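A short write-up of the structure that comes next.
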Amino acid sequence: MKSKSFLTALLILVVMFAFTASVNAGGKVYKLGMSLAITGPTSDAGNPYAKGTEDYFKFVNETKILGDDTIDCTIRDDQYKTDVTKRNFEEYLDDGIVMYLNYSTGSTLGLKRDFEEEEIAVLSASYHAGNLDDSNYIFLPIASYSDQLVNLAEYVAKNHKGGKAKVALFVHPSAFGRGPVSDVEKAVAAGLNIELVEVVEHGKDLDNTAMLKRLMSKNVQYVISQTIQSPVATMIKDSQRLGLTASSFGEAGKLTFMGAHYTGGNDLIALAGNATENYFWITAFNITSVPGEGTTKQLALAKLFGRDQKAADSHNYAAGIMVAQVATEAIRRAKAAGLEVNKANLYKMLNGMNGANAYSPYTTTGPVTYSKTDRMGVDMLQIYSVQNGVFRAVGEPVESEYMKKIK
Amino acid sequence: MSYFFQIVVSGIVVGSIYALAALGLVLVYKSSRVANFAHGQIIAAGAFITYYLTVSIGVPVFFSFLASMIITFFLAMSVEKIFLRRLIGEPIISVIMVTIGLGSILDGLIYLTPFGSENFSFPVFLPQQPLSLGGVSISWTQLVGVIITFILIGGLSWFFKKSTIGISMRAVSDDQFASMSVGISVPRVFGLAWALAGLSAAAAGCIIGNITGLNFDTLHAFGIVVFPVIILGGLDSILGAVVAGIIIGLIQQFSSGYLDGNWGLSGTGEVMPYIILVVVLFFKPHGLFGIHEIERV
């Protein structure tokens with residue numbers, strides 16, 4: 001009887017040992033958290049963004065990019081509500097995340113102090129330059145909205161024919177929209193050869209006739225937008241109806257419309273149809289209507305995980321992949337350096353992404369460079385314009401000159 | 001001078017669409033004294049149904065438009081029957097809370113479809129060249145929107161004034177218990193009010209969606225955007241909604257046209273309607289056409 005009990009106990013021990021050993025053989029699991037608007041306001045951007053991140057981490061785990069180690073990234077919908085984002089973030093901390101992926105400008109600004117206290121690196125989908133003020137842990141994946149708008153203004157200054165170009169800004173009535181205005185003003189004060197005639201804060205307008213006619217009466221030729229697609233769609237449709245839209249860049253007596261990252265992409269074409277023709281858009285992401293090695297990989301990833309064509313073609317899908325790529329690369333570098341994968345070391349790895357160690361994801365138009373004093377990732381921005389219903393590249397990716405002067 | 005008239009035309013167009021979007025709120029309030037916070041979701045649903053029928057099924061857009069109004073008519077009637085009928089006689093605030101919950105449920109249902117987080121636009125079905133006269137232009141979408149608005153509002157005004165059911169609805173609006181005592185079916189009236197609100201919401205959704213593109217957040221926001229219209233108009237007055245809608249549309253356009261860009265001002269079109277609303281309510285607390293009820297004890 002005694003020997004039977006002994007054998008049973010031994011068997012249990014063997015099974016437990018075998019189970020423990022098998023877990024260890026499976027490698028380490030690195031926990032990450034992401035909170036974003038999969039539903040609710042701006043979910044047209046957040047939804048494909050989440051899909052991009054989810055797919056890339058699945059790809060990393062399935063193709064063993066980190067060897068036997070895996071990434072476990074929990075993605076939760078916050079419906080664009082900062083209180084929900086904060087709750088998600090706190091729960092992720094309890095779960096022991098080593099890096100956090102955030103979304104909106106409001107929640108990034110709202111949780112800035114929490115990120116500092118927790119000393120955790122954060123990649124945000126908001127490219128608001130103000131995110132970086134008084135912060136050491138927020139990293140912008142690409143150049144800020146300020147860089148984007150100043151870059152567009154520089155393009156206007158360089159390519160406008162006949163005197164000083166008259167420009168109006170069309171912005172969202174929030175920190176997200178207003179943020180870059182002062183930087184454009186500073187660039188103009190620093191010698192950027194445009195005249196900033198007016199800054200328009202839009203509402204939920206059904207008709208922009210009065211605004212457009214007013215801009216025309218002030219001889220404005222360029223409208224640069226920093227908002228989301230929907231108000232831009234209404235504005236350019238009104239402009240088309242009134243016959244005010246330029247058929248080519250800078251056409252005299254007409255309006256050329258331009259905009260930052262979240263104003264453009266296929267969503268704008270979906271909303272405004274042929275009124276988007278000749279719309280100029282700036283971003284740091286490769287887009288599938290300009291095929292290349294990066295977009296081929298993006299489309300292959302989307303196909304691998306059964307995404308529909310609309311998601312696969314979305315620049316927000318690319319943006320979601322990109323933050324997952326940067327996070328994965330930081331983990332890979334920490335492992336390669338023989339460091340423990342934790343908050344502090346990932347922060348260190350991100351800050352080391354510069355010079356020869358800059359990281360080039362396939363989703364962007366330039367390399368990601370971070371340092372202790374520069375937490376904006378991709379500096380090289382690409383201008384696209386709609387030609388025959390799709391966005392096409394205009395020239396090569398460029399970095400803003402005046403942002404360097406005014407920083 | 002054409003600038004001035006263009007702003008007048010734009011203001012009337014925008015105001016008419018506001019009036020149409022507000023009509024459903026007025027109808028529900030008129031019959032049941034309830035502010036429907038799920039109205040924006042019904043506006044969006046109407047637009048998406050029209051889009052789905054037109055693009056996915058291939059129904060001509062005019063018939064899709066009619067079909068969506070019929071579908072939302074029955075959809076809103078069903079919603080009233082399932083969720084709200086059991087609350088007849090309960091405190092108004094309870095019913096209002098249910099409409100807020102209902103809005104969340106409809107949000108959730110729409111987010112389960114691609115319409116929740118993707119953008120679309122109706123295929124072009126009207127001439128793209130605007131109608132112009134003396135430097136004043138109006139698009140076909142806007143013109144058709146205004147015509148539909150006035151047909152619907154005219155029809156409903158006639159319905160409330162002349163038809164037996166319409167008069168029953170007005171009676172229920174005045175006093176539910178007195179109406180029941182004379183044999184009017186209050187549940188039926190409530191159902192019909194919701195159904196008509198659904199029908200008008202679908203029409204508004206299609207017109208707004210054709211102007212802004214089909215984005216759920218943009219569309220359902222109009223359920224809230226038009227609240228100042230019904231407050232200014234007097235909550236339960238169809239004529240009030242029309243007049244207030246046009247007033248607010250004109251204020252927005254004139255503010256945008258003459259104030260914005262001067263003296264450092266911007267975005268006044270969003271603020272001025274509220275300022276005017278406060279001023280009007282200061283002198284007429286029940287709105288321009290609202291009924292001031294006096295109860296004698």
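The values are calculated or read from the model by the stated rules, or taken from the named source; none is laboratory data. None of these values were measured; they are calculated from a predicted model. For neighbour counting, all protein chains shown are included, and Cβ atoms are generated from backbone atoms with ideal geometry for every residue, glycine included. Heavy atoms of the whole protein, side chains included, go into the accessibility calculation; ligands, DNA and RNA do not. Shrake-Rupley method; radii C 1.70, N 1.55, O 1.52, S 1.80 Å.
Annotation for B:Asn262 and B:Phe282: the two label points, set 7 Å from Cα along the Cα-Cβ direction, are 2.2 nm apart. When the Cα positions of A:Ala153, A:Gln226, A:Ala246 are compared along the charge dipole of chain A, A:Ala246 comes out farthest toward the positive end, with charges on each C-beta of Lys, Arg, Asp and Glu.
Which value, in square angstrom to the nearest 100, describes the accessible area buried between chains A and B on both sides, using a 1.4 angstrom probe? Display every interim value, and only then the final one.
Details: alone 17420 and 14560 Å², together 28920 Å².
Chain pair A/B: roughly 3100 Å² of buried accessible area.
Checking the cross-link pairs A:Lys348/A:Lys405; A:Lys31/A:Lys112; A:Lys28/A:Lys372; A:Lys204/A:Lys254; A:Lys372/A:Lys405; A:Lys237/A:Lys404 against a 26 Å limit on the alpha carbon distance flags A:Lys348/A:Lys405; A:Lys28/A:Lys372; A:Lys237/A:Lys404 as lying beyond it. Its residue count N sets the reference 2.2 N^0.38 Å, and the alpha-carbon radius of gyration of chain A equals 1.10 times that reference.
Summarising the label geometry, the points placed 7 Å from Cα in the beta-carbon direction at A:Lys404 and B:Trp158 lie 7.2 nm from one another. Treating cross-link reach as a plain straight distance, find the lysines whose alpha-carbon is under 22 Å from the alpha-carbon of B:Lys284, omitting any fewer than eight places away in the same chain. The qualifying lysines are B:Lys30. A dipole drawn for segment A:285-407 from +1 and -1 charges on Cβ atoms has a positive end, and of A:Gln298, A:Val386, A:Ala324 the residue lying farthest that way is A:Ala324. Among the protein heavy atoms of segment A:204-358, carbon and sulfur supply 52% of the accessible surface, probe 1.4 Å, non-protein parts ignored. Surface listing: B:Ser78, B:Ser139 arranged by accessible area from highest to lowest gives B:Ser78, B:Ser139, probe 1.4 Å. Applying the Karplus relation 6.51 cos²θ - 1.76 cosθ + 1.60 with θ = phi - 60° to segment B:245-250 yields 3J(HN,Hα) values of x, 5, 4, 5, x, 5 Hz, where x marks Gly and Pro. For the protein assembly as shown, the solvent-accessible area of protein heavy atoms averages 41 Å² per residue (probe radius 1.4 Å; ligands and nucleic acids excluded). Only helices enter the 222 nm calculation for the protein assembly as shown: every DSSP H run of n ≥ 4 contributes -39,500 (n - 2.57), and dividing by all residues gives -17500 deg cm²/dmol, rounded to 500. Evaluated with a Cβ-only charge set (Lys, Arg +1; Asp, Glu -1), the protein assembly as shown carries a dipole of roughly 800 debye about its Cα centre, given to the nearest 20. Each Lys and Arg adds +1 at its Cβ and each Asp and Glu adds -1 at its Cβ; summed about the Cα centre, chain A shows a dipole of about 400 debye.
Give me the percent of the accessible area of segment A:51-126 that comes from carbon and sulfur atoms, probe 1.4 Å, all protein chains in place. Whole-percent figure for carbon plus sulfur exposure: 41.
In terms of accessible area, using a 1.4 Å probe and ignoring ligands and nucleic acids, B:Ser157, A:Ser385 rank largest first as B:Ser157, A:Ser385.
Projecting the Cα atoms of B:Trp194, A:Leu132, A:Asn102 onto the dipole axis of the protein assembly as shown, where Lys and Arg carry +1 and Asp and Glu carry -1 at the beta carbon, places B:Trp194 farthest toward the positive end.
Between A:Asp72 and residues 5 or more places away or on another chain, which pairs have amide H atoms under 5 Å apart, with H built 1.01 Å from N, and which residues are they? When sequence neighbours closer than 5 places are left aside, the close amide H contacts are A:Tyr30, A:Lys31, A:Leu32.
If the chain linking A:Ser248 and A:Ser182 were pulled fully straight, counting 0.36 nm for each residue of separation and taking away their Cα-Cα distance, it would gain 20.9 nm.
Rounded to the nearest 0.05, the FRET efficiency derived from the C-beta distance between A:Asp94 and A:Ala337 at R0 = 25 Å is 0.35. For A:Lys407, the aspartates and glutamates whose Cα comes closer than 15 Å to its Cα, not counting residues fewer than 8 places off in the same chain, are A:Asp133, A:Asp134, A:Asp147, A:Asp183, A:Glu185, A:Asp374, A:Asp379, A:Glu399. With q set to 0.06, 0.08, 0.09 Å⁻¹, the log10 of I(q)/I(0) for the protein assembly as shown, from the Debye formula over equal scatterers at the Cα positions, is -0.40, -0.68, -0.83.
Sorting A:211-218, B:227-234, A:48-55, A:318-325 by average packing, meaning the other beta carbons within 10 Å per residue, from highest down gives A:318-325, A:48-55, B:227-234, A:211-218.
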